[in-house]
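For reference, the structure discussed in these notes is given below.
The values are calculated or read from the model by the stated rules, or taken from the named source; none is laboratory data. None of these values were measured; they are calculated from a predicted model. Heads up, the Cβs are rebuilt from the backbone with ideal geometry, glycines too, and the neighbour counts pull from every protein chain shown. For the accessible areas, the whole protein counts, side chains as well, though only heavy atoms, and no ligand, DNA or RNA atoms are used. Shrake-Rupley method; radii C 1.70, N 1.55, O 1.52, S 1.80 Å.
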Amino acid sequence: MNVLLVSTYELGHQPLQLASPASMLSNAGHAVRAFDLSVEDWDDDALSWADAVAFSVPMHTATRLAIRAANHVGSSNPDMPMCFYGLYAMAGASGMASSAPTKAIAGEYEPKLLEWIETLSVFGPSRESNGIEIDLGRHEYQVPTRSGLPQLDRYAHLANGDEHRLVGYVEASHGCIHRCTHCPVPVIYDGRIRIVDAETVLDDIAHLSEMGAEHITFGDPDFLNGLGHSLRIVRAMHDRFPALTFDCTAKVEHIVRHRGIWPEFAEAGCIFVVSAFESMNDDILAKLDKGHTAQDAAECVEVLRRNGIEPRPSLLPFTPWTTFADLFDILDFVSSHELIENVDPIQYAIRLLLPQGSLLLDDPDLKPYIGDYDSEGLAYGWHSADPRLDTLQKRLSKVVEESSKTDETAIESFTRIVDEVAAAAGVRRRAARPHAAATQRITPRLTESWFC
């Protein structure tokens with residue numbers, strides 16, 4: 001069969017969720033074309049060529065965009081079999097406005113996606129080929145096929161001082177052993193992980209290196225979930241490709257608990273680590289089941305920097321329980337720990353997302369604030385205990401969008417954000433001046449600010 005794989009957005013990197021199924025489908029004898037609509041225009045000729053279309057939906061933003069594209073396909077080709085696959089597959093299928101036949105596959109989607117295509121090739125579209133499936137089985141993964149994808153220079157680069165490097169994206173594991181209540185991963189994986197064998201990951205890194213990648217992002221929800229597995233990959237990668245640098249994502253509690261690994265990670269090329277600090281309010285962190293406190297976050301910064309690795313915190317400043325004091329605590333933490341350059345401005349405007357199935361929906365403390373489900377936004381509405389914070393969140397979203405379109409420095413953006421928070425709170429407050437060490441420190445980052 002002719003299979004069209006479509007990505008709409010994958011955090012600014014070359015989409016692994018196209019490359020991975022493309023390998024399995026093509027090795028099984030099917031013709032595959034892959035399109036990334038974040039950097040490519042829609043191709044109606046490819047749609048005419050296709051016998052089936054599958055949309056990658058690894059995140060909320062991608063799902064909303066994929067639904068829009070799928071409805072376009074369904075309106076012009078009502079008999080076209082379509083599939084949503086990935087973490088938000090069920091939300092994608094439920095959000096369809098057209099009556100086109102639709103399949104949804106979440107979890108370890110590759111085998112079920114192949115099974116769906118095989119069924120279509122034998123029996124054609126039928127009710128039996130639609131429906132929703134979650135597959136958490138342990139499978140043998142194939143090396144992703146990246147030859148049909150846009151080149152790496154179309155995607156986010158690593159900026160490290162004056163140096164820019166092409167970036168490759170891989171995953172050594174799927175799922176997560178934790179059940180943070182605001183996260184979409186436990187809704188599907190429920191505290192489980194699935195390991196991608198080391199040689200498959202290393203072969204993928206080799207291909208990315210041949211394509212020009214000089215830096216690798218390990219995009220696992222938490223790279224330290226399977227610590228021994230990750231260490232084997234890091235050691236082998238450094239042995240085979242000693243010039244490669246890398247970054248990964250890890251929970252605060254893992255960074256602190258496994259403090260002994262960071263000298264070796266730094267030696268092997270780790271230059272920054274993304275970690276979900278979220279809030280400096282310990283009660284909110286407990287509601288989110290983050291497994292760390294504000295003091296742990298401070299220790300995390302010290303552990304990483306002691307080894308020459310920069311932390312890049314992600315934040316969740318706006319929840320139903322947030323107060324102005326909580327926002328000032330976040331801003332003060334960022335300033336006092338010399339993190340202004342490390343935090344993308346968009347992080348100060350992030351608002352809690354409540355998609356279908358969110359574990360937070362069972363929290364009785366949320367009931368007074370939750371609203372109706374928004375089928376277009378794919379999330380439940382909610383309001384803050386203090387309505388001024390809802391207005392402020394919208395204002396900050398506009399501020400950071402404006403700052404992204406200018407040459408405004410991180411310090412200038414931070415100062416504007418502090419001023420906006422102070423004005424909304426009705427107090428006089430100015431951002432603290434950054435320490436001299438902060439202005440001299442090189443803070444590596446990717447050139448696209450990511451968010452869900």
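How much length is gained on full extension from residue 203 to residue 323, taking 0.36 nm per residue of separation minus their Cα-Cα distance?
That works out to 38.4 nm of additional length.
Over all Cα pairs of region 70-215, how is the pair count split among 5 Å bins, expressed in % and running from 0 up to the last occupied bin?
2, 9, 14, 15, 16, 16, 16, 9, 4, 1, 0, 0
Once you have the Kirkwood Rh of region 248-289 from its Cα pairs, apply Stokes-Einstein at 25 °C and 0.890 mPa s and quote D in µm²/s.
The calculation lands on 211 µm²/s.
In whole Hz, with x marking every Gly and Pro, tabulate ³J(HN,Hα) for region 132-144 from phi via Karplus 6.51 cos²θ - 1.76 cosθ + 1.60, θ = phi - 60°.
Running phi through 6.51 cos²θ - 1.76 cosθ + 1.60 with θ = phi - 60° gives 10, 9, 10, 10, 10, x, 8, 10, 8, 8, 9, 5, x Hz.
Rank by packing, highest mean first: peptides 226-237, 55-66, with packing defined as the count of other Cβ atoms within 10 Å averaged across residues.
Per-residue Cβ counts within 10 Å, averaged per peptide and sorted highest first, yield 55-66, 226-237.
Taking 0.36 nm per residue of sequence separation and subtracting the Cα-Cα distance, how much length would be gained by fully extending the chain between residue 383 and residue 154, in nm to one decimal?
Stretched out fully, the residue 383 to residue 154 stretch lengthens by 78.6 nm.
Based on the Cβ-Cβ distance from residue 132 to residue 79, what FRET efficiency comes out when R0 is 30 Å, to the nearest 0.05?
0.90
Rounded to the nearest 20 Debye, what is the dipole magnitude of region 168-242 about its Cα centre when Lys and Arg each give +1 and Asp and Glu each give -1 at the C-beta?
320
Taking θ = phi - 60°, what integer Hz values does the Karplus form 6.51 cos²θ - 1.76 cosθ + 1.60 yield along region 190-207, in sequence order, with x for Gly and Pro?
Ordered by residue, 3J(HN,Hα) equals 6, x, 10, 10, 10, 8, 8, 4, 4, 5, 5, 5, 5, 5, 5, 4, 4, 5 Hz.
Once you place label points 7 Å from the Cα toward the Cβ at residue 192 and residue 406, how far apart are they in nm?
Each label point lies 7 Å from its Cα, and together they span 5.0 nm.
For the chain, which whole percent of the accessible surface, found with a 1.4 angstrom probe, sits on carbon and sulfur atoms?
49
If packing is taken as the mean number of other Cβ atoms within 10 Å per residue, what is the order of 137-150, 397-410, 11-24, 325-338, highest first?
Listed from highest to lowest mean packing, they are 11-24, 325-338, 137-150, 397-410.
Please list, ordered by chain and number, the residues whose modelled amide H lies under 5 Å from the amide H of residue 314; skip anything fewer than 5 residues away on the same chain.
275, 276, 277, 278
Whose amide H sits under 5 Å from the amide H of residue 32, counting only residues 5 or more places off or on another chain, with H placed in the peptide plane?
Counting only residues 5 or more places away or on other chains, the set is 3.
Per q in 0.10, 0.14 Å⁻¹, report the Debye log10 I(q)/I(0) for the chain, using one uniform scatterer on each alpha carbon and no solvent.
-0.74, -1.44
Sticking with the crude label model, points 7 Å out along Cα→Cβ, report the distance from residue 264 to residue 232 in nm, one decimal please.
For the pair residue 264/residue 232, the computed spacing is 1.3 nm.
For the peptides 274-281, 172-179, 83-90, what is the packing order when you average, over each peptide's residues, the other Cβ atoms within 10 Å and list the highest mean first?
Top of the packing list down: 83-90, 274-281, 172-179.
Give me the angle, in degrees from 0 to 90, between the Cα long axis of helix 324-336 and the longest principal axis of the Cα atoms of the chain, rounded to the nearest 10.
The angle comes out at about 80 degrees.
Starting from a Cα-only point model with no solvent, please compute log10 I(q)/I(0) by Debye for region 208-263 at q = 0.26 1/Å.
Each listed q maps to, in turn, -1.16.
Between region 256-272 and region 319-389, what is the separation of their alpha carbon centroids in Å?
31
Along region 27-41, what does the Karplus equation 6.51 cos²θ - 1.76 cosθ + 1.60 (θ = phi - 60°) give for ³J(HN,Hα), rounded to whole Hz, x for Gly and Pro?
Coupling constants for region 27-41: 5, 8, x, 8, 7, 10, 10, 10, 10, 10, 6, 6, 10, 10, 7 Hz.
Compute, for the chain, the length of the dipole vector about the Cα centre, with Cβ point charges of +1 (Lys, Arg) and -1 (Asp, Glu) only. Units Debye, rounded to 20. Walk me through the numbers before you get to the answer.
Values: 38 positive and 65 negative charges, 155 e Å.
With Lys and Arg at +1 and Asp and Glu at -1, about 740 debye.
Which value in nm describes the separation of the simple spin-label points at residue 365 and residue 423, placed 7 Å from the Cα toward the beta carbon?
3.2
Relative contact order (percent) for the chain, with alpha-carbon contacts under 8 angstrom and 6 or more residues of separation?
For the chain, the relative contact order is 12 percent.
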